[in-house]
1. With n ≥ 4 as the cut-off for DSSP H runs, can you work out [θ] at 222 nm for chain B, using -39500 (n - 2.57) per run divided by the number of residues, rounded to the nearest 500?
2. Taking H placed 1.01 Å from N in the peptide plane, check which residues at least 5 places from residue B:68 or on another chain put their amide H under 5 Å from its amide H.
3. Between residue B:112 and residue A:264, what's the calculated FRET efficiency when r is the beta-carbon distance and R0 is 51 Å? Round to 0.05.
4. Taking a ≥ b ≥ c as the square roots of the eigenvalues of the Cα gyration tensor of chain B, is the shape rounded (a/c under 1.5), prolate (a/b larger than b/c) or oblate?
5. Average the reciprocal distances over every distinct pair of alpha-carbons in region B:79-232, invert the result, and give the Kirkwood radius in Å.
6. Run the Debye formula on the Cα coordinates of the protein assembly as shown, all scatterers equal and no solvent, and tell me log10 I(q)/I(0) at q = 0.07, 0.08 1/Å.
7. Report relative contact order for region A:155-273 in percent, whole number only (criteria: Cα-Cα under 8 Å, sequence separation at least 6).
8. Testing the spin-label approximation: label points 7 Å from Cα along Cα→Cβ at residue B:295 and residue B:104. State their distance in nm.
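Where a number appears in this text, it was derived from the coordinates with a stated rule and is not lab data. Keep in mind it's a predicted model, so treat the numbers as computed, not measured. Virtual Cβ from ideal backbone geometry, glycine too; neighbours counted across all protein chains shown.
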Amino acid sequence: MAHEWTAEKLSLTDRLTAVVGRIGKSLNDRIVYAGQLAAFSLATIYWLFARPVKASTLVSALYRIGVQSLPVIMLTGTFIGMVLAVQTHPQFKAVGLESRLGAAINLSLVKELGPVLAATMLAGRVGSAIAAELGTMRVTEQIDALASMGPNPIHYLVVPRFVACLIMIPGLTIMADAMGVLGGAFFSIKLLGVDWGYYWEYSRNAVAQYDVFAGMFKSIFFGGAIALISCYQGFHCDAGAEGVGKASTRSFVVSFVMILVLDLILGIFLDKIHVVWFGGGPRAVV
Amino acid sequence: MTDAEDRKPTEFETGEEPVWEGQVYTSADGTRRILRRRPPVLEVRELGVEFDDRYVLHDINLKVHKGETVAIIGESGCGKTVFLKTATRLIEPTEGTVLFNGIDLGELNGRQLSEVRTRIGFVFQQAALFDSMSIGENIMFPILQLNPRTPRGELNDRVAELLYEVGMTPDVAARMPVELSGGMRKRVGFARALAAEPELMLYDEPTTGLDPIMSDVINELMIRVRDNHKVTGIVVTHDMKSAKKVANRIVMFYPQSRLNEGQGQIVYDGPADEIDDSKDSRVTQFVEGLAGERLMEMTLARGA
């Protein structure tokens with residue numbers, strides 16, 4: 001029998017109910033996502049200690065995640081240092097504090113930009129690749145095949161990538177810092193004519209060992225978050241090529257947001273620690 | 001298992017009169033033994049799997065005994081592949097139990113489950129070979145899971161032997177999965193599943209997407225695995241010709257969404273050569289490939 005359809009105008013209450021329903025569903029989806037990601041992270045930490053990782057798998061992950069990321073991290077680090085010099089030089093010159101340019105550039109690099117930049121590059125280059133690789137394995141049933149032969153897929157696929165990210169990201173951060181410092185110094189001294197003696201002297205006074213430690217400490221959390229989010233997205237990838245693409249994009253977006261959230265939380269935490277251990281408030285550059 | 005089933009007489013291997021489960025007796029060599037019935041290789045009880053608040057499988061009860069090859073047939077979306085994956089806990093059942101040789105898989109921890117899985121071979125629909133490994137490494141993988149210290153020479157010999165078994169030459173071992181055709185990949189999938197000498201083989205649509213000749217090659221391989229290796233098998237397939245050829249028993253699933261209240265999801269469970277005699281119209285339509293009733297439903301759904 002043919003159906004007859006009629007279009008009824010929605011009342012304001014109906015529309016409000018629909019909007020609230022959508023907001024509720026969206027919120028619920030995010031809570032479920034956070035819960036599943038937390039469970040996935042706990043399973044990864046369990047398997048990290050339950051059974052040793054196969055050396056060959058770990059070495060391969062270290063190479064792909066760390067060594068192959070070096071060129072791009074070095075390049076972006078150098079340019080960020082130079083851009084910082086370009087952007088901050090006119091402001092410092094205007095107030096006659098040109099000589100203190102190095103302190104501002106290097107402190108920003110070591111405390112914030114180096115770790116965040118290295119983590120962002122890692123999320124873009126490595127995180128997306130991990131999500132796409134594991135997503136493809138999911139949709140072609142390779143993860144099921146692996147599990148059906150005995151190995152736990154989290155132990156076999158996630159733990160080596162997680163460990164490699166944790167191990168390699170402090171090194172990549174140091175490299176981003178170093179290249180940024182060199183790039184900033186090159187541009188400031190050679191092209192903008194800042195006195196090199198003052199540049200390095202003020203830099204040395206402004207940047208403490210604790211700042212370098214703080215940057216590296218944060219980077220470990222960034223690396224862990226990138227690995228877990230990317231692997232989770234790959235493991236929970238929707239079917240088909242579109243699913244793999246979405247998993248890859250989502251892994252970068254969620255990782256990037258998480259890097260910024262962690263940066264804020266850890267920044268506050270590390271400043272508090274600094275106050276407790278070394279006394280005094282946050283240091284000023286000028 | 002019900003009490004009545006527990007007390008059911010069991011035929012003893014020596015051909016003695018039926019005896020009771022748990023009966024103590026003296027064997028020919030004078031030793032005192034207690035009779036235990038061998039559990040089915042795979043048994044599922046009241047199995048249910050739900051996705052997005054919708055049952056794909058519900059109240060499935062099935063036993064697969066040693067030496068049997070059971071074909072599971074049914075239209076797309078009736079839960080055949082989900083059944084295979086649930087049988088190895090690749091998918092967690094929403095309800096019910098899965099027993100492998102009498103061991104409840106739901107009660108095993110990760111390590112124990114890994115051990116049990118090494119005794120089950122799984123041939124996936126698209127072979128699911130690891131792209132990052134060569135064919136040889138793919139086949140070695142399950143062997144190394146059982147014994148990571150297997151000498152390299154022994155591994156290579158075993159790979160060559162398995163490749164011969166599936167009608168391929170050992171030089172294929174150096175190639176990558178992407179270099180092989182669909183039929184070759186499926187045969188490598190067979191070799192990999194056989195590598196750990198499993199007790200149970202699960203085949204997920206092994207002939208789908210293959211030409212008739214390659215389909216028959218795959219059918220012959222399944223028969224060879226059953227007869228030469230004495231491996232119990234469960235084959236999920238749409239291909240009636242293949243099901244009748246390789247299986248001695250056929251089980252037909254019907255989609256949950258099309259069942260009426262109180263109807264069971266298994267609409268046929270019997271010998272492969274008797275399915276043509278079934279009186280159930282759902283079975284005959286599937287076996288004969290008749291779309292009549294379905295076309296009528298489509299017409300009604302359009303409101304014509």
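1. Taking each H run of at least 4 residues, the total per residue is -10000 deg cm²/dmol.
2. The list, which skips near neighbours in sequence, is B:233.
3. Working from the Cβ atoms, E equals 0.70.
4. Details: a/c = 1.69, a/b = 1.05, b/c = 1.62.
Note, shape of chain B comes out oblate.
5. So the Kirkwood estimate lands at 16.2 Å.
6. Ignoring solvent entirely, the Cα scatterers give -0.61, -0.75.
7. Working: 68 pairs, mean separation 36.6, N = 119.
In percent, rounded to a whole number, it is 31.
8. 5.0
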